[in-house]
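Colleague: Here's a structure for you.
Please treat every number below as a calculation from the coordinates, not as lab data. What you are looking at is a predicted structure, and each value in this text was computed from that prediction instead of being measured. With ideal geometry, Cβ positions are generated from the backbone for all residues, glycine too; neighbour counts draw on all protein chains shown.
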Amino acid sequence: MFPSHPIAIERWAKSLVESYRKTEKITNIENKHFPSRDKVIEISEELRELLFPGYLGRTNLSWLNAEYFVGGKLDYIFGELSREIAFSLGDKSPEGEERAYRETEVFFGKLPAVREMLEDDVQAAFDGDPAAKSLDEVIFSYPCLVAISIYRLAHELFIQGIPLIPRMMTEYAHSATGIDIHPGAKIGRSFFIDHGTGVVIGETCEIGNNVKIYQGVTLGALSFPKDERGKIIRGIKRHPTIEDNVTIYAGATILGGQTIIGKGSVVGGNVWLTHSIPPYTKVAIEEPRLKISENQKL
């Protein structure tokens with residue numbers, strides 16, 4: 001190995017630090033603390049162990065030791081999560097810590113209801129995929145369940161008004177599964193994403209019950225309205241509404257906050273939709289004309 005030259009290192013360090021002063025938007029020196037990405041990921045996985053007991057993490061649970069095990073894990077997660085929430089709120093004062101404790105208490109109280117939602121999601125995956133051999137297979141191996149379970153946790157923190165952490169959680173799931181669900185999206189019961197890679201679900205999307213979508217589906221924004229200063233207007237509905245019992249096949253793109261896909265509808269593969277369709281509608285692209293040329297020997 002070739003040793004670096006001390007004078008060169010000093011020059012490079014000085015140059016880089018000078019660039020920090022010029023690029024303040026992406027510099028956080030002598031500023032506030034933020035949640036740790038690694039810690040948020042760890043908390044996400046610890047919570048998933050509680051959501052699927054006996055499947056993830058410790059597997060030798062019994063009804064005799066379950067409460068003891070769960071209590072110990074909740075105690076650990078409470079301390080870690082409340083600290084990260086305090087960082088996300090930017091307030092490490094006693095009052096800020098107290099709010100972080102209260103927010104964590106509220107979140108923990110929601111975990112049983114989240115599990116009930118996930119039981120429906122697992123059943124929907126089994127019922128919707130003939131390749132699934134058991135519910136156990138779904139829990140262990142389906143990437144959609146990783147993405148959906150982390151989304152459902154992150155969504156609860158999102159609606160509590162916790163900044164940063166919900167998005168960090170779902171972006172972790174995105175990187176792990178290829179499924180991008182914004183924590184602000186509203187998703188009903190019995191939700192199934194088959195295969196999953198490349199699915200995008202935007203922040204203001206609303207999805208009803210018993211919805212099934214396939215890989216490559218985008219539920220996105222059609223445009224981004226701007227104010228008089230040319231800045232994007234935030235906080236308005238930009239993404240579509242998908243009503244109950246809708247199926248959306250691979251590669252379909254549905255855009256716009258005013259776009260509503262009526263209940264019971266089927267949207268075919270590679271369809272591009274920017275307007276609403278009434279309930280029980282089937283939308284498909286006309287079958288393409290194929291040109292087949294036989295091999296010709298030279």
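Colleague: When you scan the range 126-172, how many residues do you find that are part of a loop (DSSP other than H, G, I, E, B), of a type in the set (A, V, I, L, M, F, W, C) and touching a residue at least 60 places away in the same chain (Cβ under 8 Å)?
Modeller: Total satisfying the criteria: 2.
Colleague: Please state which one of LEU61, LEU145 is more than 19 Å from the chain's Cα centre (by Cα) and either among the charged types (D, E, K, R) or closer than 30 Å to ILE193 by Cα (or both).
Modeller: LEU61
Colleague: For the range 200-216, how many residues are free of Cβ contacts under 8 Å to residues at least 40 places away in the same chain and not in a strand (DSSP E or B)?
Modeller: So the answer is 7.
Colleague: Which numbered condition in (1) touching a residue at least 24 places away in the same chain (Cβ under 8 Å); (2) surrounded by 15 or more Cβ atoms within 10 Å (Cβ to Cβ); (3) not in a strand (DSSP E or B) is the only one that ILE236 fails?
Modeller: (2)
Colleague: Which condition number in (1) exposed (fewer than 15 other Cβ atoms within 10 Å of the Cβ); (2) of a type outside the set (Gly, Ala, Ser); (3) not in a loop (DSSP other than H, G, I, E, B) is the one that GLN123 fails?
Modeller: If we test GLN123 against (1) exposed (fewer than 15 other Cβ atoms within 10 Å of the Cβ); (2) of a type outside the set (Gly, Ala, Ser); (3) not in a loop (DSSP other than H, G, I, E, B), just (1) comes out false.
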